[in-house]
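J.: To start, I am sharing the structure in question, which I have written as structure tokens.
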Amino acid sequence: MPNLDMLTKGAIEEILHGEVFVVDGESGNTPEISQVTPKTIWCNGCFDIIHAGHIDMLKYARGLGQRLVVGIDTDYRVRESKGVNRPINNFNLRKKVLESIRYVDQVVGFETDQQLLDAIKASGADTIVVGQEYEGRVKGSELVKSVVLFPRLYNLSTTKIINR
């Protein structure tokens, strides 16, 4: 069972306003990137309408490691979980937006739970970062060392935005 970390909003705000980097404990120097084993972080979701909460979660997740891989649901999977009127933006558009975000290193799609698990394994992720609303139901948690639950910020969700 991986370590499950719940972050407070205050801790998130402090992290988001600071810079995260690796420091060599003995000399106090930042090692060359070639001396650091890249730590991979995984996030996944629909990312149908990108909002500030998504950006803050991706920024935080990237700060935990040297590589952030984002998995996104195919259009079929979004329709199955969110309803026939979703997604608002198709897979290729959602992927393009995510790839343009500087915190994201790679974007991969998945249509089934097995494809999701295979993608997490293939990424070599050490940690999964997900919204706290997924507590207790994080797919792939058994494949990583830790799961971080990111609190909802700004009271934003894609569903709330669509229903305005």
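J.: Hey, any idea what the orientation-averaged projected area of the convex hull of the range 43-89's Cα atoms comes to, in nm²?
T.: Across all orientations, the range 43-89 yields a mean hull projection of 3.4 nm².
J.: Let me ask something else. In the structure displayed, which of 59/145; 139/160; 82/145 lie more than 26 Å apart, Cα to Cα?
T.: Numbers: 59/145 20 Å; 139/160 24 Å; 82/145 29 Å.
Checking Cα-Cα distances, 82/145 exceed 26 Å.
J.: Give me the number: length gained by fully extending residue 118 to residue 96, i.e. 0.36 nm times residue separation minus the C-alpha to C-alpha distance, one decimal in nm.
T.: Net length gain for the segment: 5.7 nm.
J.: For the range 140-152, just list the computed ³J(HN,Hα) in residue order, Karplus coefficients 6.51, -1.76 and 1.60, θ = phi - 60°, integers in Hz, with x standing in for Gly and Pro.
T.: Each residue's phi maps through the Karplus curve to give x, 4, 6, 9, 10, 6, 8, 10, 10, 9, 8, x, 5 Hz.
J.: Here is a further query. Most exposed first by the Cβ proxy, i.e. fewest other Cβ within 10 Å, how do 156, 58 rank?
T.: With the fewest neighbours first, 156, 58 line up as 156, 58.
J.: Turning to a different aspect of this structure: Could you please report the charge total around residue 104, scoring K, R as +1 and D, E as -1 over all other residues with beta-carbon less than 15 angstrom from its beta-carbon?
T.: Summing Lys/Arg as +1 and Asp/Glu as -1 gives +4.
J.: Per residue of the range 104-118, what does 6.51 cos²θ - 1.76 cosθ + 1.60 with θ = phi - 60° give for ³J(HN,Hα)? Whole Hz please, x for Gly and Pro, Karplus curve as stated.
T.: The phi angles translate into 9, 9, 8, 10, 10, x, 8, 10, 10, 4, 5, 5, 4, 4, 4 Hz.
J.: For the range 80-164, state the average projected area of the convex hull of the C-alpha atoms over all orientations, rounded to one decimal in nm². Walk me through the intermediate numbers first.
T.: Values: hull surface 26.6 nm².
Averaged projected hull area, Cα only: 6.7 nm².
J.: Under 5 Å between amide H atoms, partner at least 5 residues away or on a different chain: which partners does residue 108 have, H built in plane at 1.01 Å?
T.: Long-range HN contacts for residue 108: 70, 71, 72.
FYI, it's all coordinate maths here, none of it is from the lab. Just so you know, these numbers come straight off a predicted model, no measurement behind them. As a convention, Cβ positions derive from the backbone with ideal geometry for all residues, glycine included, and neighbour counts pool all protein chains shown.
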